[in-house]
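See structure below.
The values are calculated or read from the model by the stated rules, or taken from the named source; none is laboratory data. Predicted, not measured: the structure shown is a model, and the values here were computed from it. Positions of Cβ are generated from backbone atoms using ideal geometry, with glycine treated the same way; all protein chains shown enter the neighbour counts.
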Amino acid sequence: MTITISKDTQFEAVIGLEVHVELSTATKLFCGCANDFGSDPNTNVCPVCMALPGSLPVLNERVVEFALRIGEALDFDVPTQSVFHRKNYFYPDMPKNFQTSQYDQPICMDGKLEIQTSEGTKVIRIERAHMEEDTGKSTHVGSSGRLHGADYSLVDYNRAGVPLMEIVSRPDISSSQEARAYVSELRAVLKSIDVSDVKMEEGSMRVDANVSVRPVGQEQLGIRAEIKNMNSLRSLGRAVDFEIARQIALVKSGEPVIQETRHWDENAGKTSSMRSKEEANDYRYFPEPDLVPVVPTDDMREMVHSSMPELPAQKRTRLVDDWNISDSDARTLVSNPELYEFVQVAVSIGGTDIAKDATSFAIIEVAGELNEKGLAIDVAPITSENLAQVCTLVANAELSRNQAKTLLGYLVDRGGVVSSLVQELGLKQVSDTGALEAIVDEVLAQYSDDVAQWADADEGKRKKLQGFFMGKCMAQSKGQGNPQIFNSLIESKLGN
Amino acid sequence: MESQALEQAKEIDRKKSAGETLGALAGTTVAIKDNMATIGVKTTCASKMLENWIPVYDATVVKKLKEADAIIVGKTNLDEFAMGSSTENSAFKTTKNPHDTSKVPGGSSGGSAATVAAGAVTFSLGSDTGGSIRQPASLCGIVGVKPTYGRVSRYGLVAFGSSLDQIGPFARNVSDAATLLDVLSGYDPMDSTSINKEYKPLTDVLGSDIKGLRVGIIDELKGPQGFQREVLDAVDETAKLLEKNGATVGNVSIPASAYGLSAYYIIAPAEASSNLARFDGMRYGLRVEEQSAALTNEATRQAGFGMEVKRRIMLGTYALSAGYYDAFYAQAQKVRTLMINDFKQAYENFDVLLSPTSPTTAFGIGEKTQDPYQMYLADVCTLPTNIVGATSMSVPVGVDDNGLPIGVQVFAPPLGEEVMFQVASAIEEQANYNAVPVVGAF
Ligand SMILES: [Zn+2]
């Protein structure tokens, strides 16, 4: 079915993401060199990863183990055997001038990942994930900073041979929001299973987006463009939005979308053509004769299976159920492992009764404050014990919420002992009904004109009056009176 | 190299006078084909591309030789990157046949074969991708072995066809070949395709009775086209000698070997095109500097590779290209499977198989250089073994009317070296080959 395009035609985007993740194994994929970010150039190299004549690759078993973990976490099938191929093309940062990668028999097939969208939960299918080696890193010296127009180029082979997993989604993603949610969830999952430090900014996670558009209702997919060079979730979102708009404009004006690779320019805020399909390489894939098929043993599968940690989605469900916190707070905790650890320790001290308060105090008062100071939680003066004690005081009505916030502010700043700070700052909450009743009586006597209006007031007016008396009582008690007790005293004294 | 050799010799003298245990090869000298990495010693592959390349590491076989107290005295000439059957494709030298200096020594390990034939060393190492040990052994009148794929580590052997390459020994007799192969054999964690297995010494099987062994002559490898009459006769003679000693002899067909040459000239160049991609002038070897990395790469490869190497890179690149892969590379892999099955079937009825090693005795220098296809035919009998990953060896049995050596090839199934050496040593004893080269230390 062909749909005639008019200016009112509605379009939908079809997006698939290819994510490259650097695995954080101690050594490289095919040799014993350190897999270490930040060493001096060309110091983590040997005959194998420099492709000296006669050298041969030997597969790092840890990489297979990491791949199996990814297989478990993303619900992949891991076939009995997978095979390495050579992907042949010339580039100076690739020492062998072929990349050892997997092709039609990857280690992971048919996985999936659940993401949260504005319309609820959505399952994104993942076609495959395969192992491959990274290339070296080129620096183009000259005014342009890109290969074209450079005076000369320098190559650092430390990264050559570093293990990568390429994770290829199906084109199930339909907006930039979903693309971001997918990458963000994928990052959380990979982080939780400790296979990569997944930093888009540092390049340990690289995302390419295949984007196409089609009129709503059309079965056939549009021509897609592959977008590269997005260095953050934000630039991924912007690039995808730009590309969708660009393609819709092309189609509406009757021009063809070209199958090509496009480069995202963060500063200019647009994509531009890198190379078209006609210029694309013929990679001449063939099975790597220097390696044997990868056949994970049953023992290895079992070892990986039994050592899988809790995944982010499971963890969120558990926190919502056991701690009685909101999904959004659970999401915040799970995506910030250090903050989660901070709260988790507090809850283990104070019990799950304080979990809800501990979470919200930690997110707003503690993390909010630390963010402003640019301080990490594990080096901040405040401790999990502090948080637990403050929450317990609140639960026992010995401290009001506002007092708790003041106290936490102090602790975040300079730390200290909770019990002595409560004394020092005069923060103890008064819950002695006798003492509070005296204050209520005093206030009601002082504002007898307002009390007189109570009998005839409607509900709205009464609420206002009650708030007014409450404020006066709190002021009178220097903020230390227990608000719940004040409230019930005021209500009972005014009657109906 | 020279100073290293003298050092090694002194060290062995010291060990001897100190009464220390000596390695299995103490007192012997070895030459190494110049496509195996030797630390601190140029490894050129007979190519301008690596004319001045000095490895920073030893090939596993070189390490093993040193550990066994062999004295490595030199690196030997070859066809550039081991591509050829006459050693005429060397970028540097022409190697001559010690039995007739107007003839080629065969190839690609021609230097290693000629060195041993001339008595310059006790034995030497060659590499065999389609016959590069056995064919020159045959042409030079010595013993040459292509071991089972995975028996000897390839680490440090500059790759030509990775799924076919195997290092093996040259020696003047079967016993020496067994001694050297025993040293070379064994699992190497640096080579993923090496077989993890303990081997029985081959020297133990030499001279044992061949009574009852079944010997099959391969129908497809006895001409008549292109095969020299004397060579075919030598195979029949050899079979008769074995029969006389209690073996049973029959004929056997390996139908898929008809496609062997075609399959080989797809698989080997395909792998070579990828293996040789690393020579781009960026990290080591020749560099012809131009205005950009791409142009430097192009100019370096243009200047660094000889004709035959370029021809094979082009063949291989073509065979792997999109749209041709299924017609060429995939088909060749199917032939491989067929041949494996054919051989398996043959070994249900036979213990070893027999054929000529080379269709002819040594040919003249320059005789085949203008006709690559004629040159390729020189390996028609040897390349099936590489395609199926099995083992075979060439044993000298006689000379033709011009006094040029003739070799017979003994085949065994993968890891069948024991029975192969058993039969080879019987052939050696019966044939009593004793041609003396015109050049050499005799
Ligand atoms: Zn390395």
Residues of segment A:4-32 classified as within 16 Å of the ligand (Cβ to nearest atom) and under 22 Å from the mean Cα position of the chain (by Cα), total: 3
Cross-chain or 6+ apart pairs with Cβ under 7 Å, segment B:195-220 first and free of Cβ contacts under 8 Å to residues at least 40 places away in the same chain and more than 18 Å from B:Glu243 (Cα to Cα), then part of a helix (DSSP H, G or I) and of a type in the set (A, V, I, L, M): B:Thr203/B:Ala178; B:Glu220/B:Ala258
Any hit, segment B:66-89, residues being basic (Lys, Arg), in a loop (DSSP other than H, G, I, E, B) and surrounded by fewer than 22 Cβ atoms within 10 Å (Cβ to Cβ): no
Residue check, A:Leu56 within 14 Å of the ligand (Cβ to nearest atom), touching a Phe, Trp or Tyr at 6+ places or on another chain (Cβ under 6 Å), at pLDDT 95 or above and within 14 Å of chain B (Cβ to nearest Cβ): yes
Among (1) near the ligand (Cβ under 8 Å from one of its atoms); (2) more than 10 Å from every other protein chain (Cβ to nearest Cβ); (3) in contact with a strand residue (DSSP E or B) (Cβ under 7 Å, 6 or more places away or on another chain) - the single one A:Asn35 does not satisfy: (1)
Selection count where residues are buried (at least 16 other Cβ atoms within 10 Å of the Cβ) and more than 22 Å from the chain's Cα centre (by Cα), scope segment B:339-360: 5
Some residue of segment A:103-112 being within 14 Å of chain B (Cβ to nearest Cβ), away from the ligand (no atom under 16 Å from the Cβ) and loosely packed, with under 15 Cβ neighbours inside 10 Å: yes
Those residues of segment B:291-334 which are surrounded by 21 or more Cβ atoms within 10 Å (Cβ to Cβ) and either away from chain A (no Cβ under 14 Å) or among the hydroxyl-bearing types (Ser, Thr, Tyr) (or both), in sequence order: B:Thr300, B:Arg312, B:Tyr329
Of the criteria (1) surrounded by 12 or more Cβ atoms within 10 Å (Cβ to Cβ); (2) within 50 Å of the chain's Cα centre (by Cα); (3) closer than 26 Å to A:Arg401 by Cβ, which one A:Glu442 fails: (2)
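Per-residue answers, yes or no, for (1) buried (at least 24 other Cβ atoms within 10 Å of the Cβ); (2) within 14 Å of chain A (Cβ to nearest Cβ):
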site: B:Gly119; (1), (2): no, no
site: B:Val145; (1), (2): yes, no
site: B:Arg154; (1), (2): yes, yes
site: B:Phe160; (1), (2): yes, yes
site: B:Ile167; (1), (2): yes, yes
site: B:Val174; (1), (2): yes, no
site: B:Ala177; (1), (2): yes, no
site: B:Asn196; (1), (2): no, yes
site: B:Asp219; (1), (2): no, no
Which numbered condition A:Met94 misses (of (1) surrounded by fewer than 22 Cβ atoms within 10 Å (Cβ to Cβ); (2) within 12 Å of another protein chain (Cβ to nearest Cβ)): (1)
Subset of segment A:38-53 [farther than 24 Å from A:Val83 by Cα and either away from the ligand (no atom under 13 Å from the Cβ) or within 13 Å of chain B (Cβ to nearest Cβ) (or both)]: A:Gly38, A:Asp40, A:Pro41, A:Asn42, A:Val45, A:Cys46
Test: residue in segment B:14-30 that is in contact with a strand residue (DSSP E or B) (Cβ under 8 Å, 6 or more places away or on another chain), surrounded by 21 or more Cβ atoms within 10 Å (Cβ to Cβ) and part of a helix (DSSP H, G or I): no
Tabulated pairs, segment A:39-68, first on the phi < 0 side of the Ramachandran plot, second within 12 Å of the ligand (Cβ to nearest atom) and modelled with pLDDT under 95, C-beta under 7 angstrom, 6+ apart or interchain: A:Asn44/A:Asp36
Top-ranked residue in segment A:59-100 [being part of a helix (DSSP H, G or I) and among the small types (Gly, Ala, Ser); ranked as nearest to the ligand (Cβ to nearest atom)]: A:Ala67
Check on B:Gly150, within 14 Å of chain A (Cβ to nearest Cβ), at pLDDT 95 or above, at positive phi and touching a Ser or Thr at 6+ places or on another chain (Cβ under 6 Å): yes
Residue pairs meeting the criteria (Cβ under 6 Å; at least 6 apart or on separate chains; first not assigned by TED's automatic domain parsing to the domain that holds A:Glu114, in segment A:169-187; second at pLDDT 95 or above): none
Test: residue in segment B:387-397 that is assigned to a helix (DSSP H, G or I) and under 16 Å from the mean Cα position of the chain (by Cα): yes
B:Asp128 being surrounded by 24 or more Cβ atoms within 10 Å (Cβ to Cβ) and of a type in the set (D, E, K, R): yes
In segment B:360-386, the residues that are aromatic (Phe, Trp, Tyr), touching a residue at least 12 places away in the same chain (Cβ under 8 Å) and assigned to a helix (DSSP H, G or I): B:Tyr376
Qualifying positions in segment A:1-40 - β-branched (Val, Ile, Thr) and at pLDDT 95 or above: A:Val14, A:Ile15, A:Val19, A:Val21, A:Thr25, A:Thr27
Single unsatisfied condition, B:Tyr265 versus (1) more than 14 Å from chain A (Cβ to nearest Cβ); (2) surrounded by fewer than 18 Cβ atoms within 10 Å (Cβ to Cβ); (3) out of contact with any Pro (no Cβ under 8 Å at 6 or more places or on another chain): (2)
Test: B:Gly285 is free of Cβ contacts under 8 Å to residues at least 24 places away in the same chain and more than 23 Å from B:Val410 (Cβ to Cβ): no
Failed item, numbered, when A:Glu12 is tested on (1) of a type in the set (Asp, Glu); (2) crowded, with 18+ Cβ neighbours inside 10 Å; (3) more than 10 Å from chain B (Cβ to nearest Cβ): (2)
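Conditions tested, residue by residue: (1) more than 14 Å from every other protein chain (Cβ to nearest Cβ); (2) within 16 Å of the ligand (Cβ to nearest atom); (3) more than 25 Å from the chain's Cα centre (by Cα); (4) at pLDDT 95 or above.
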position: A:Met165; (1), (2), (3), (4): yes, no, no, yes
position: A:Glu178; (1), (2), (3), (4): yes, no, no, yes
position: A:Val183; (1), (2), (3), (4): yes, no, no, yes
position: A:Ser196; (1), (2), (3), (4): yes, no, no, yes
position: A:Val211; (1), (2), (3), (4): yes, no, no, yes
position: A:Val216; (1), (2), (3), (4): yes, no, yes, no
position: A:Ala245; (1), (2), (3), (4): yes, no, yes, yes
